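> Below is one structure. I have some questions about it.
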Amino acid sequence: MTEPRVQDKRKKGKGGERPMVPRAEFRSYYGRPVLKAPVWKSPDVPGYLFLGGVAGASSVLAAFAQASGNPQLARNAKVSATAAIALSGVALVNDLGRPSRFLNMLRVFKTSSPMSVGSWLLAVYGPVSGAAAVSAVTGRLPTAGAAATAGAAVLGSGIATYTGALLSDTSVSAWHEAHREMPYLFAGSAASAAGGLGMLTAPSGQVAHAGRFAALGAAAELTAKQLLTRRLGDDLAGPYHSGRPGTLLRAAEGLTVAGLAGSVLTGFIRHRPGSPIVSRTAGLALVAASALTRFGVFEAGLASAADPGYTVRPQRARIGGRADV
């Protein structure tokens with residue numbers, strides 16, 4: 001005897017019956033998060049992200065300023081880079097709890113780990129940046145200072161961007177799903193802040209170079225943010241638009257637009273240069289915007305980790321995409 005055939009009432013094909021069970025909606029266990037929220041603390045970690053970006057981009061600005069014959073802007077940028085990376089290190093160690101934990105990360109070097117690469121970048125960049133600043137301030141060992149300036153610029157480009165890769169390498173959906181644009185967003189934000197800081201500190205005759213650097217960074221930041229949210233779509237970009245992260249990022253975008261306008265007036269319109277008030281105000285706006293961007297991105301990640309839907313929906317989309325192939 002053959003076993004009786006049981007008709008699957010959940011499927012509807014030719015001549016089949018209508019589904020008797022409604023489509024299941026996602027619910028986590030008692031609404032609890034699927035992911036454990038990151039243990040990183042605020043303001044330590046977002047402050048570390050911001051200050052590290054300012055330091056790295058300031059070293060790049062210092063190299064360009066020195067090459068183009070703007071010694072005061074170059075010196076100010078080198079000092080700013082050293083001060084920012086020192087404060088960034090303080091924030092990082094405070095989050096880790098003990099300095100020895102940072103030293104433990106230097107026991108190995110893994111190119112596949114953004115944390116490992118970033119730790120070595122910080123360990124090498126700090127002394128090189130400091131050497132460039134000391135030479136610029138004291139006027140001693142100019143050849144060694146020039147070499148340190150070039151080395152700090154090369155390492156600084158990595159310092160300004162590796163934190164974007166670091167966040168994207170986690171399982172937090174708001175960071176991981178934005179892995180394509182996050183390093184560009186952080187690079188643009190760092191450049192706009194470094195240029196803004198240069199506009200605040202440089203003499204009037206050299207502020208135009210800082211304004212151009214800031215304008216290019218602000219434009220890159222705005223473009224990367226638009227590309228990020230557009231690619232994620234309304235569902236996955238929710239943490240960047242709503243709640244406290246959305247408020248921070250909207251304020252950052254407004255300040256960036258205002259700072260971009262002021263930096264363009266300062267850096268590109270030579271026949272009618274901006275007044276010191278315009279350049280200083282624009283520089284302050286860009287520095288504040290960069291800080292708000294890092295805090296907004298950080299809190300968007302925490303918000304997405306707390307909502308299980310932001311973790312499961314991307315996974316289901318990827319599974320569905322593979323099933324369609």
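Rule-based calculations on the coordinates, nothing more; no lab input. Since this is a predicted model, take the numbers as computed values, not measurements. Virtual Cβ from ideal backbone geometry, glycine too; neighbours counted across all protein chains shown.
> What ranking do 47-55, 158-166 get when scored by the average of other Cβ atoms within 10 Å per residue, highest first?
Descending mean neighbour count gives 47-55, 158-166.
> All other residues with a Cβ under 14 Å from the Cβ of P245 taken together, and with Lys, Arg as +1 and Asp, Glu as -1, what is their net charge? Before the final figure, lay out each step's value.
Working: positive: K225, R244, R250, R294; negative: E253, E299, D307.
Charge balance in the 14 Å sphere: +1.
> Also, quick follow-up: Show me, for segment 80-92, the HN-Hα J-couplings you get by feeding each phi into the Karplus relation (A = 6.51, B = -1.76, C = 1.60, θ = phi - 60°), rounded to Hz, glycine and proline as x.
So the J values, rounded to whole Hz, are 4, 4, 5, 5, 5, 6, 5, 5, 4, x, 4, 5, 5.
> Further, regarding this structure: Would you mind getting the Kirkwood hydrodynamic radius of segment 37-310 from its Cα pairs, rounded to one decimal in Å?
It is 18.6 Å.
> Follow-up. Full-extension gain between S112 and D169, please, as 0.36 nm times their residue separation minus the C-alpha to C-alpha distance. Numbers along the way, then the final one.
Details: separation 57, 0.36 × 57 = 20.52 nm, distance 1.01 nm.
Taking 0.36 nm per residue and subtracting the Cα distance, the gain is 19.5 nm.
> Okay, next question. Counting pairs of alpha carbon atoms under 8 Å apart in space and at least six apart in sequence, what relative contact order in percent does segment 45-174 give?
Across segment 45-174, relative contact order equals 34 percent.
> For A65, what charge total do you get from the other residues with a beta carbon under 13 Å from its beta carbon, if Lys and Arg give +1 and Asp and Glu give -1?
Value of the local net charge: +3.
> Short version: ³J(HN,Hα) in whole Hz for each residue of segment 123-138, in order, from phi by Karplus 6.51 cos²θ - 1.76 cosθ + 1.60 (θ = phi - 60°), x for Gly and Pro, what are they?
5, 8, 5, x, x, 5, 4, x, 5, 5, 5, 4, 5, 5, 6, 8
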